[in-house]
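First comes the structure, then the notes that go with it.
The values are calculated or read from the model by the stated rules, or taken from the named source; none is laboratory data. These numbers come from a predicted model, not from an experiment. Because the Cβ atoms are built from the backbone with ideal geometry, glycine has one as well, and the counts that use them run over all protein chains shown.
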Amino acid sequence: MRTIRVGLGDRAYDILIENGMFMAIGADLKQRAIAKRYVVVADSHVAELFGDRLMASLAEAGVSAEIITFPRGEASKHLVTVAELASKLAQMGLDRKDGLIALGGGVAGDITGFLAAIYMRGIPFVQIPTTLLAQVDSSVGGKTGVDIPEGKNLVGAFYQPRCVYIDSSVLMSLSYAELLNGLAEVIKYGVIYDAEFFRYLADQRQAILAMDLVVLEQVIARCCAIKAAVVAVDEREADLRRILNFGHTIGHAVEATSNYNLAHGAAVGLGMVAACRLAVAKGIFPKVQAEEVCHLIADYGLPTEIPAEFSSPQIRAFLKTDKKTVEGRPFFVLPTEIGKVVITDEVSETLIDEILASRHD
């Protein structure tokens, strides 16, 4: 078993990674004694896939637990869902010594983490991510939240889990589209932090796309190690952690423009391509390396051109409500070489317009 420690003082926690560890989660939770009983929160689809297995593991270890669900999909990631789940917790008599278990992808993790942060003014929770995107990114670092009509994740809190359990074997249940959804975030880590890892992703592309679990476990562990290192230095995104937003500035705006019908990973892939083109246009990123990044994104089956039907004015409108926008100026994470990036708000509206318009060329 691989153990990665997220070093946050009295809020530090472990990320446990092992192929086939799912049925051992109950025993580990029992030993950690994080809460006296748990409520598992999952969407209806994930509950069908993994709910019985998790509940069996918990029961076998003598861990008291119940499960509640919400409808599948990004459309559930809003305040109404959180309110409904909170009411269920209250009706079940959950108190401050109890805890939550987020079982599922990024939506389940974001909703459950936010619910844990605000229910009884804070109860403990753990993450059991079941998608690649959640395993390499959203389950680690304590970002929680929900969407509102004006933008993605605009209501939320920084609230760290007590433990993250990652079983790579559950990825075998993913569709090819869901696998791709997570691979955009994987590529992100190579561009922002680790050029060697970027090359590894290029070399191991066939194995990764073939769902080689040995290779995937190494990929997951490296992504988690990078994110843990960044979060340990900057938990609340005051400085260094903002590099994790590479591809997310325009990406989130494109995702919102699609009314969240575009997968998050696809949107991030489009955002990374746009950020590379912005960096080249500003003269801070070699064009040959930008092409290398864009080719890798395309080689993994992710889109590289924003659909023509997504209007530039609407994308720009969502940019203005993005969390990364201050005083009307969006912050961008732009690469200077593969493995290194800078954070800047010195990107003119004219240049943004040029990049958005260039997709029609």
Complete set of residues in region 308-330 that are modelled with pLDDT of 90 or more and assigned to a loop (DSSP other than H, G, I, E, B)
310
Lone qualifier among 133, 115, 100 - being in contact (Cβ under 8 Å) with a residue 60 or more places away in the chain and touching a Pro at 6+ places or on another chain (Cβ under 9 Å)
100
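Of the residues 192, 208, 187, which single one is over 17 Å from the mean Cα position of the chain (by Cα), more than 14 Å from residue 129 (Cβ to Cβ), modelled with pLDDT of 95 or more and not basic (Lys, Arg)?
208
Residues that are modelled with pLDDT of 95 or more and under 24 Å from residue 22 (Cα atoms): which helices (runs of 4 or more DSSP H) entirely in region 38-126 hold 1 or more of them?
Once the helices (runs of 4 or more DSSP H) in region 38-126 are filtered for at least 1 residues that are modelled with pLDDT of 95 or more and under 24 Å from residue 22 (Cα atoms), what remains is 52-60, 106-118.
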Looking only at region 70-107, and only at residues there that are of a type in the set (Gly, Ala, Ser) and closer than 18 Å to residue 34 by Cβ, the one that is surrounded by the fewest Cβ atoms within 10 Å (Cβ to Cβ)
99
Could you list all residues from region 224-244 that are within 15 Å of the chain's Cα centre (by Cα) and farther than 15 Å from residue 143 by Cβ?
225, 226
Given the condition charged (D, E, K, R) and at pLDDT 95 or above, answer yes or no: does some residue in region 271-282 qualify?
yes
Region 165-194, subset assigned to a helix (DSSP H, G or I) and of a type in the set (Ser, Thr, Tyr), residue farthest from residue 3 (Cα to Cα)
176
Quick one: which residue in 232, 221, 210 is on the phi < 0 side of the Ramachandran plot, in contact with a Leu (Cβ under 8 Å, 6 or more places away or on another chain) and not hydroxyl-bearing (Ser, Thr, Tyr)?
232
Taking first residues from region 9-25 that are on the phi < 0 side of the Ramachandran plot and at pLDDT 95 or above and second residues anywhere that are buried (at least 18 other Cβ atoms within 10 Å of the Cβ) and among the aromatic types (Phe, Trp, Tyr), the pairs with Cβ under 8 Å that are 6 or more apart or on different chains are 16/165; 25/165
Contact list, first residue from region 159-170 and without any contact (Cβ under 8 Å) to a residue 12 or more places away in the chain, second anywhere and surrounded by fewer than 24 Cβ atoms within 10 Å (Cβ to Cβ) and of a type outside the set (Ser, Thr, Tyr), beta-carbon distance below 7 Å, six or more apart or interchain, is none
Extreme residue, surrounded by the fewest Cβ atoms within 10 Å (Cβ to Cβ), among residues of region 261-288 that are under 15 Å from residue 333 (Cβ atoms) and not aliphatic (A, V, I, L, M):
282
Find the residue count for region 276-305, including only residues that are without any contact (Cβ under 8 Å) to a residue 24 or more places away in the chain and outside any helix (DSSP H, G or I).
1
Hey, could you check region 140-164 for residues that are out of contact with any Ser or Thr (no Cβ under 9 Å at 6 or more places or on another chain) and either more than 23 Å from residue 270 (Cβ to Cβ) or small (Gly, Ala, Ser) (or both) and say which is surrounded by the fewest Cβ atoms within 10 Å (Cβ to Cβ)?
155
Would you check if there is a residue in region 38-52 being under 21 Å from residue 131 (Cβ atoms) and free of Cβ contacts under 8 Å to residues at least 12 places away in the same chain?
yes
Which of the residues spanning region 147-164 are touching a strand residue (DSSP E or B) at 6+ places or on another chain (Cβ under 9 Å) and assigned to a strand (DSSP E or B)?
147, 148, 152, 153, 154, 155, 156, 157, 158, 163, 164
Please work out which residue is surrounded by the most Cβ atoms within 10 Å (Cβ to Cβ), limiting yourself to region 200-252 and to residues that are part of a helix (DSSP H, G or I) and basic (Lys, Arg).
227
Give the residue, chosen from 249, 257, that is within 30 Å of residue 12 (Cα to Cα) and polar (S, T, N, Q).
249
